[in-house]
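What follows is a set of notes on a single structure, which appears directly below.
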Amino acid sequence: MRSSRKRWVWGLAALLALLLVGGWSADRALKARKHPGLGTFVRQVFTNYPASFAVEPLLLSISIDEEDMLILQGAVEEARARGVILPEGRPYVPAKLESEGNAFKAKLRIKGKMTDHVKGSKWSFRVIAKKDGSFLGMRRFSLQHPGTRNYISEWLAHQLMAGEGIIALRYGFIRVELNGEDLGIYAYEEHFGPELLQNNGRVEGPLFRFDPSLYWEHRLNEMRGERFEEAYASYQAAALDAFDSGALAKDTLARKRFEEAASLMEGFRRAGLKPSEVFDAERIARRHALLDLVGGYRSMDWSDVKFYYDPERRRIEPIAYESFSAFPITKLVGSGRWVGWTGPEQDLHDAYFNDEQVFRAYVHCLERISRTAYLDSVFQVLGPSLDTVSASVYREFPWKELDRSLLYRNQQVIRTLLDVPKGFHAYRQELRGDTLVLDLVPIESLPMEVHGLLTTDGSVIPPLGPTIVPIRRSGRPGDPVRVQFLVGGNSELPKVKDQRIRYSVLGASRTKEVEVFPYAFGITVKDTVPADGGVPLKATSTAP
């Protein structure tokens with residue numbers, strides 16, 4: 001009897017030890033994948049999965065002939081073997097689709113670039129409906145594993161973009177059946193066509209991008225371990241590529257509008273036109289401020305950026321696409337970019353953020369969307385829709401919650417980064433007649449606007465000409481900027497040791513003050529005043 005009881009106790013102890021070891025291993029594995037851990041996982045499964053039955057996701061059924069399925073299978077196997085999906089390896093095949101009694105014919109193919117689009121049985125498809133067919137009002141759309149865009153986060157990113165007046169894709173979650181087999185929950189994503197513009201209230205105009213095909217040749221070489229300096233893979237080398245380019249040969253007006261867009265874009269890329277002369281500066285600014293909020297920096301690769309040209313306003317707009325958020329941020333999209341000029345050697349985003357109008361609008365938007373009340377309002381307005389979307393995802397992925405706390409943390413990071421402790425060092429060079437000469441040395445990754453020299457009565461003496469202090473480039477000292485103030489016989493000018501400058505981050509509403517060191521800078525700055533007051537001047541050392 002005692003022996004039996006002893007064996008039972010030892011067995012129970014072994015089982016508990018096994019469970020503890022298994023739980024510890026599972027917890028470590030989850031945390032290695034950036035998940036909070038086993039306790040949260042268990043809570044999510046037991047809470048979210050039952051909640052998913054409150055919603056029945058829309059079902060889309062796809063039928064493909066056996067022979068055409070073999071073509072798709074071949075494309076999948078080739079992509080897996082190669083490690084990347086190439087355009088020539090993904091032919092279209094005919095298909096029949098049906099949802100809620102609406103049946104239509106279409107053609108579809110394997111979509112995507114990386115092999116996450118062909119994992120397991122959950123392949124990604126690009127679908128183009130024929131004639132009058134459509135799904136949820138879309139004739140061109142994609143179907144993909146929700147994880148390729150990071151689940152609910154992508155849906156929220158599109159909602160935020162649309163709320164800020166940026167062209168956003170229709171994006172959501174459905175069930176998909178392929179030849180009667182339930183493939184589970186898929187994300188649908190609108191592709192680029194007239195319906196996208198109509199749904200976003202835009203007039204008809206070209207949708208286009210920088211053609212990434214040569215860039216992907218370069219990426220393929222990298223995956224093979226072959227690393228070359230391939231000039232053809234750069235942003236400056238990419239041709240402009242219109243979506244539905246086949247229509248340009250037939251439609252004179254469409255071709256003319258695309259040529260207008262291309263002319264503007266080339267003027268920008270070659271630095272003959274300022275970004276604000278080519279783009280909708282406000283929408284460029286809002287899109288990138290929102291990428292800061294959601295941590296969606298992957299969509300900033302030039303090969304992924306998409307555009308629309310408004311032929312009435314003659315401006316190019318960004319399109320919200322593939323944010324792949326939400327991730328924590330440690331810097332701002334616009335940081336480390338402002339040098340005070342644009343040149344053809346700059347990449348796309350450096351050129352954007354060297355336009356004063358764009359940068360001011362960007363910082364202004366950052367101030368607004370980084371307020372806690374902004375996200376509070378978003379979640380209040382989107383609450384019912386977010387609950388429905390979440391329940392659809394939880395049907396198959398109950399552990400993939402939207403981390404709201406991450407977004408609030410990103411807001412705090414934005415506020416912190418805009419609240420610079422000191423924008424620049426200011427040195428008193430000399431008082432030349434009635435003109436006070438100062439040298440300002442950048443120390444920050446954001447540009448600073450000088451508002452003026454403070455007087456004892458609280459008034460401000462503005463600099464001679466607008467002055468923007470550029471960034472300090474990473475890994476090197478800041479290039480000094482010489483600034484002059486006409487002080488005359490101003491009796492309210494503080495004593496040398498008490499002089500201060502009022503400034504702000506370029507575009508920010510909050511101003512700050514910095515003391516002026518009562519001694520000259522340690523190098524000689526070229527004795528000229530730049531026309532715009534903001535271009536860094538050459539400096540030479542006077543040290544022996």
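Among the residues of segment 245-282, write down those that are over 27 Å from GLN346 (Cβ atoms) and of a type in the set (Asp, Glu). Across segment 245-282, the qualifying residue is only ASP251. Out of curiosity, is ILE110 crowded, with 22+ Cβ neighbours inside 10 Å, in contact (Cβ under 8 Å) with a residue 24 or more places away in the chain and under 22 Å from ASP244 (Cβ atoms)? Yes. The residue that is farthest from HIS191 (Cα to Cα), among those in segment 138-153 that are in contact with a Phe, Trp or Tyr (Cβ under 6 Å, 6 or more places away or on another chain) and modelled with pLDDT of 95 or more, is LEU143. Looking at segment 475-517 only, could you name the residues that are part of a loop (DSSP other than H, G, I, E, B) and polar (S, T, N, Q)? Residues satisfying the conditions are ASN490, SER491, GLN499, SER509, THR511.
Kindly indicate the residue of segment 131-185 that is acidic (Asp, Glu) and assigned to a loop (DSSP other than H, G, I, E, B) and also surrounded by the most Cβ atoms within 10 Å (Cβ to Cβ) among those meeting that condition. Checked segment 131-185; the qualifying residue surrounded by the most Cβ atoms within 10 Å (Cβ to Cβ) is GLU164. Residues of segment 476-516 that are of a type in the set (A, V, I, L, M) and either within 16 Å of PRO442 (Cα to Cα) or at pLDDT below 95 (or both): VAL481, VAL483, LEU486, VAL487, LEU493, VAL496, ILE501, VAL505, LEU506, VAL514, VAL516.
With respect to the numbered conditions (1) farther than 13 Å from TRP302 by Cβ; (2) without any contact (Cβ under 8 Å) to a residue 24 or more places away in the chain; (3) aliphatic (A, V, I, L, M), which one is the sole condition not fulfilled by LEU220? Of everything listed in (1) farther than 13 Å from TRP302 by Cβ; (2) without any contact (Cβ under 8 Å) to a residue 24 or more places away in the chain; (3) aliphatic (A, V, I, L, M), LEU220 misses just condition (2). Residue-level check: of (1) in contact with a helix residue (DSSP H, G or I) (Cβ under 6 Å, 6 or more places away or on another chain); (2) of a type outside the set (Asp, Glu); (3) surrounded by fewer than 15 Cβ atoms within 10 Å (Cβ to Cβ); (4) closer than 28 Å to GLN144 by Cα, GLY246 misses just (1).
Do the conditions hold for GLU229, that is, is it surrounded by fewer than 19 Cβ atoms within 10 Å (Cβ to Cβ) and modelled with pLDDT under 95? Judged against the criteria, GLU229 is a match.
Within segment 234-250, being under 17 Å from GLU266 (Cα atoms) and either among the aliphatic types (A, V, I, L, M) or without any contact (Cβ under 8 Å) to a residue 24 or more places away in the chain (or both) holds for SER234, ALA237, ALA238, ALA239, LEU240, ALA242.
Take the conditions closer than 20 Å to ASP241 by Cα and either touching a Lys or Arg at 6+ places or on another chain (Cβ under 7 Å) or not assigned by TED's automatic domain parsing to the domain that holds TRP302 (or both) and apply them to GLU204. Does it pass? Considered against the rule, which asks whether it is closer than 20 Å to ASP241 by Cα and either touching a Lys or Arg at 6+ places or on another chain (Cβ under 7 Å) or not assigned by TED's automatic domain parsing to the domain that holds TRP302 (or both), GLU204 comes out as no.
Quickly run through segment 113-128 and pick out the residues that are in a strand (DSSP E or B), aliphatic (A, V, I, L, M) and buried (at least 21 other Cβ atoms within 10 Å of the Cβ). Of everything in segment 113-128, just one residue is in a strand (DSSP E or B), aliphatic (A, V, I, L, M) and buried (at least 21 other Cβ atoms within 10 Å of the Cβ), namely VAL127.
None of LYS130, LYS113, LYS96, LYS122 is modelled with pLDDT of 95 or more and either acidic (Asp, Glu) or not assigned by TED's automatic domain parsing to the domain that holds SER385 (or both) except LYS96. Filtering segment 186-212 down to residues that are among the hydrophobic types (A, V, I, L, M, F, W, C) and in a loop (DSSP other than H, G, I, E, B), which residue is surrounded by the fewest Cβ atoms within 10 Å (Cβ to Cβ)? Looking at the filtered set, the residue picked out is VAL203. Of the residues making up segment 293-323, those that are over 20 Å from SER370 (Cα atoms) and in contact with a Ser or Thr (Cβ under 7 Å, 6 or more places away or on another chain) are SER299, TYR321, GLU322. For segment 413-436, filtering for residues that are part of a strand (DSSP E or B) and among the hydroxyl-bearing types (Ser, Thr, Tyr) leaves 2. Here ASP439 meets the list (1) crowded, with 21+ Cβ neighbours inside 10 Å; (2) in a loop (DSSP other than H, G, I, E, B) almost entirely, failing just condition (2). Is it the case that segment 455-474 has a residue that's under 23 Å from the mean Cα position of the chain (by Cα), among the basic types (Lys, Arg) and closer than 30 Å to THR330 by Cβ? Within segment 455-474, one or more residues are under 23 Å from the mean Cα position of the chain (by Cα), among the basic types (Lys, Arg) and closer than 30 Å to THR330 by Cβ. Of the residues making up segment 415-428, at least one is polar (S, T, N, Q) and either without any contact (Cβ under 8 Å) to a residue 24 or more places away in the chain or within 28 Å of TYR362 (Cβ to Cβ) (or both).
The values are calculated or read from the model by the stated rules, or taken from the named source; none is laboratory data. Please read these numbers as outputs of a predicted model, since none were measured by experiment. No Cβ is skipped: glycine too gets one built from the backbone with ideal geometry, and neighbour counts run over all protein chains shown.
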